[in-house]
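The values are calculated or read from the model by the stated rules, or taken from the named source; none is laboratory data. Bear in mind that the values here come from a model prediction, so they are computed numbers and not experimental data. All Cβ positions, even for glycine, are placed from backbone atoms using ideal geometry, and neighbour counts span all protein chains on display.
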Amino acid sequence: MRDVSHMDEGSLMGMLESLLLVSSDAVSARDLARACGVEEQQAREALESLSSDYADANRGIQLREVAGGWRLFTHPAYHDRVEAYVLSWDKRKLSQAALETLAVIAYHQPVSREGVRAVRGVNSDGVIASLREKGLVREAGKDARQAALFGTTNKFLETFGLRSVQDLPPLEDFAPDEESRKFIRERLSSRSMEVPLDEAVEDLDEEQELLADADESEGFVGASAESETDVSVADDETDVNPVGGADE
């Protein structure tokens, strides 16, 4: 490890730049000075010099002091290009398991993992975790048994072109027959989704048949096969949870 006790400004700036590149949040001059083994004032002066160098050279990145710390940013002049490039990284569609789980959460929110499993008939923990990573699902509190409840996010609304969850099409519109529509009305009425799993087992066969019929006719609710929405994040539905059944 190199001796930093007599570090010149150029070397210090290089070290600070390296630390900032691997930092996802703003870092205070004090923390950076401690990491470099120098005085805080020395680190601050080097940061200001580095920031000026970026600005003077009109570089593609900028160093700014924000929220009590220092952080690297892309140059505002190139934001449109950067955004287009990032969005082009991955245009794969959500898997069928993810779409089903997202539909259950969207229409039954807030709903627990147990509630999702009651509808889908399989363990959906891995899929829920993936949807949370994608920013489509969030934790929305706890139920009476302190189980986590999940709901959709603003990113979900943006991705599917909705102003609010009130704009979701009536679930009954996608039921193949009157019996299924009646069943849906009952499920969305005063009966809570947060019932113990053993009380919901009797409904699983009927629910799976309904989901199968809906898949054949419309796929995910509100999106036809021709207009299925792309999600510009990696779809890692190979995540397998060892507890209970898991999506293939």
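For the range 2-12, the count of residues that are modelled with pLDDT of 90 or more, surrounded by 12 or more Cβ atoms within 10 Å (Cβ to Cβ) and more than 32 Å from the chain's Cα centre (by Cα) is at least one. Please tell me if residue 125 is of a type in the set (D, E, K, R) and within 30 Å of residue 54 (Cβ to Cβ). In short, no. Between 131, 162, 157, the distinction of being under 20 Å from the mean Cα position of the chain (by Cα), outside any loop (DSSP other than H, G, I, E, B) and surrounded by fewer than 20 Cβ atoms within 10 Å (Cβ to Cβ) belongs to 157 only. Looking across the range 89-128 at every residue that is free of Cβ contacts under 8 Å to residues at least 60 places away in the same chain and in a helix (DSSP H, G or I), the one that is surrounded by the fewest Cβ atoms within 10 Å (Cβ to Cβ) is identified as 113.
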